[in-house]
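Contents: one structure, followed by commentary.
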Amino acid sequence: MATTVKNKPKPRRIKESKTILFRQTTLAKAGATCAIINGDSRVELLAFKEKVDLIVTSPPYADARHKHYDSIHPDDFVEWFLSFHEPFYNALKPTGSLVINIKDKVVDGVRHRYVWQTIEALSKAGWYSIEDYLWYKPNPMPGYWPNRLRDGWEYCFHLAKSKRPFFNPDGVRKPIGEWVESRLKNLGKNDLSRHNSANESGFGRDISKWVGKQTVLPSNVLSIPLVGKNKGHPAVFPVDLPLFFIKLLCPENGLVVDPFAGSGTTGIAALSLGRSCILIDNNLKYCEEAVKRVQEEAAATPNEVKFEQHDLAYQLRFIQEAKSEK
Ligand SMILES: C[S@@+](CC[C@H](N)C(=O)[O-])C[C@H]1O[C@@H](n2cnc3c(N)ncnc32)[C@H](O)[C@@H]1O
């Protein structure tokens, strides 16, 4: 289980921390709070040993060309990400899950395979690869490349500490769709019993079982449009992405963490579902943006669980000064 990792930050002693209550409002669940922490998640997560139900996040881009605010060279990405392995693993409960939204970068016209390599390295470090979800973007960015088309999807890897992490498929059921009504109106002979596939694949279906059903389970392809407006951060994912995984993988009173929180999208999703959350980003500017967005957008997100009127306190905690332990 233990992995030796270079570049691992030394634990820091937090000298002073300040809690500012910045919002009191009404939202889905009594007692749900959102703490926004400005710090390195490898350090901040030390305080949450086996407390977390779900880590859902999109790490910084690997970029070979630019020295971005947070870019890591694709060749260094595996080692860099492994420095988060222990903090993430230790923070999660035994039934907890880690969802990583990520996409390989193109380097010199060729897809770099650091994402596959990272997932492979995490498996070797002890994570179970439960499922690979695809985030399909119906509105991909425009562009022209000599050897490939517009990029219309990203990975969302579901990793876990056990083979049976908390899993609530009923939480993500979706309306069955209008086509079923017309299809079920005229059930044929083959539809009234299990109909095995003609190619003897072993798969089959019994359409008559769908009569009266209002909802179905979705597949592992999530169709979610890209965020249109810039939210004060260059790499914002849509609220519906963390929202889906929180409903699927975090129990009702559970705790969600986004260790690369950026503009706070995961916090908006968590609070709208009545889940408490911890948002961590090492860039103060993005923490401030997250505070603003959570204040403005959490209450506005359509509520998908029972809406109860309760007073909630969203907490903002800025670690003011922290020093490396000698
Ligand atoms: C791709 S962005 C996340 C964007 C976010 N999903 C959103 O919707 O706004 C990755 C973030 O990770 C942060 N980051 C990079 N290294 C970090 C670290 N060691 N600890 C905490 N945050 C870090 C960066 O500042 C950046 O905002």
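A short reminder: the numbers here are calculations on the coordinates, not readings from a lab. Here the structure is a predicted model, which means the values were calculated and not measured. Glycine gets a Cβ as well: all are built from the backbone with ideal geometry, and neighbour counts include every protein chain shown.
Side notes on the structure shown:
- Computed from label points 7 Å out along Cα-Cβ, the spacing between K285 and M141 is 1.8 nm.
- Efficiency of FRET between N168 and N90 - r from beta-carbon atoms, R0 30 angstrom, step 0.05: 0.80
- Plainly put, the range 42-126 has a radius of gyration that is 1.00 times its Kirkwood radius, both from alpha-carbon atoms, as the Rg/Rh ratio.
- Cα gyration tensor shape of the range 222-272, rounded if a/c is under 1.5, else prolate or oblate by comparing a/b with b/c: oblate
- Net length gained if the chain between L134 and R148 were fully extended (0.36 nm per residue, minus Cα distance): 3.2 nm
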